[in-house]
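The values are calculated or read from the model by the stated rules, or taken from the named source; none is laboratory data. Everything numeric here is computed off the predicted structure, so don't read it as measured data. FYI the Cβ positions are ideal-geometry reconstructions off the backbone, even for glycines, and counts take in every protein chain you see. What goes into the accessible areas is simple: the full protein's heavy atoms, side chains included, and nothing from ligands, DNA or RNA. Shrake-Rupley method; radii C 1.70, N 1.55, O 1.52, S 1.80 Å.
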Amino acid sequence: MATALFGGAFFLPLLLSSAAATTTRVSLYLGTGAGDSALQLLDILPSSLDEAFPNGDHNITTFLEDELSSDLLARTDLVIFPGGSGTGQANAIGEVGLALILSWVNAGGAYIGTCAGAFLGMSHIGFYGEPAGFPTQEPWDRGDGNVSVEVLDRGFEDLGLDRDAFAGNVTIMYEEGPVVKASDLPADVNLLALFRTEIASNHPEETEGEMLGTPAITSREVGGGRVVLNSPHPELQPIIPEIYAGEILWALNA
Ligand SMILES: *[C@@H]1O[C@H](CO)[C@@H](O)[C@H](O)[C@H]1NC(C)=O
Ligand SMILES: *[C@@H]1O[C@H](CO)[C@@H](O)[C@H](O)[C@H]1NC(C)=O
Ligand SMILES: *[C@@H]1O[C@H](CO)[C@@H](O)[C@H](O)[C@H]1NC(C)=O
């Protein structure tokens, strides 16, 4: 009898607090330097979040450069910078914005960057330090197209991707995201997937061969926070919401 009463009294508040804790608050940048693919990312985010947290709730907020603040970040679990122009995004949010995001991630925040958002993370915010070989290759405008990407063991483990569905090469759209040699990255950057084919159509003589075998998806623990950077675009045809679902779970350490 005493046990039953204790159990009943204890159970209800526990349920309420765990329900409240499952709202994932995502802030997606849509300001200057965000390209059209940002809207595709906004489109697929709900399905990726539903897959990541089948019993959870989410709140996706979009923000412009003048809305980036410590207040916004205090109400955010995961910040996402989309494709477009990395330099455009960096100039728009400015040194103060770059430093704000770095310190928020260091304090436990989660960051996902895709294409320009990956450039922003590597070359402007400095999530991967200042390794040799940065900034990335010149000329950077290789051209756009589908490429073959191979998910590595680390990618299967950290992103929880189905080993059968993602066996072999996965086709993902590439639109001039960062191309960096794995050997130029710090040793604690995780290699989750590699480019197995490349795009070099704009400057074939200068760029052919450079992209083969370089990291397509990487991640790193930065202070108390976590960062995932996509060079290609899993939100564009072919749309692969599972990749973002896995990245969201890893970035949030959930
Ligand atoms: C989502 O977050 C925004 C910004 O914090 C807040 O204003 C809004 O009320 C939230 N919406 C829901 C449905 O919780
Ligand atoms: C991935 O594609 C590359 C280039 O076409 C090919 O050499 C490689 O064998 C493929 N890997 C798998 C696992 O299918
Ligand atoms: C990329 O591949 C997808 C299907 O895998 C296709 O729908 C899309 O049109 C392709 N994009 C380009 C630019 O070839």
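Residues in region 243-253: is at least one in a strand (DSSP E or B) and buried (at least 22 other Cβ atoms within 10 Å of the Cβ)?
Let us first name the residues in region 243-253 that are in a strand (DSSP E or B), namely none.
No.
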Within region 41-69, can you find the residues that are in contact with a helix residue (DSSP H, G or I) (Cβ under 6 Å, 6 or more places away or on another chain) and open to solvent by 50 Å² or more (accessible area, probe 1.4 Å)? SER47, GLU51, HIS58, GLU65
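Of everything in region 140-167, what is away from ligand 2 (no atom under 15 Å from the Cβ) and out of contact with any helix residue (DSSP H, G or I) (no Cβ under 6 Å at 6 or more places or on another chain)? Give them in sequence order.
Residues satisfying the conditions are TRP140, ASP141, GLY143, ASP144, ARG154, GLU157, ASP162.
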Among the residues of region 87-98, are any crowded, with 24+ Cβ neighbours inside 10 Å, touching a residue at least 24 places away in the same chain (Cβ under 8 Å) and either farther than 23 Å from LYS181 by Cβ or touching an Asp or Glu at 6+ places or on another chain (Cβ under 7 Å) (or both)? yes
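So which of PHE134, PHE127 is assigned to a loop (DSSP other than H, G, I, E, B), open to solvent by less than 50 Å² (accessible area, probe 1.4 Å) and at pLDDT below 95? If you could, list the steps in order and put the result at the bottom.
Working: PHE127 fails: at pLDDT below 95.
Testing whether each residue is assigned to a loop (DSSP other than H, G, I, E, B), open to solvent by less than 50 Å² (accessible area, probe 1.4 Å) and at pLDDT below 95 leaves just PHE134.
Have a look at GLY113, GLY84 and point out the one that is touching a strand residue (DSSP E or B) at 6+ places or on another chain (Cβ under 6 Å), under 24 Å from LEU161 (Cβ atoms) and either modelled with pLDDT of 95 or more or more than 16 Å from ligand 3 (Cβ to nearest atom) (or both).
Details: GLY84 fails: under 24 Å from LEU161 (Cβ atoms).
The conditions single out GLY113.
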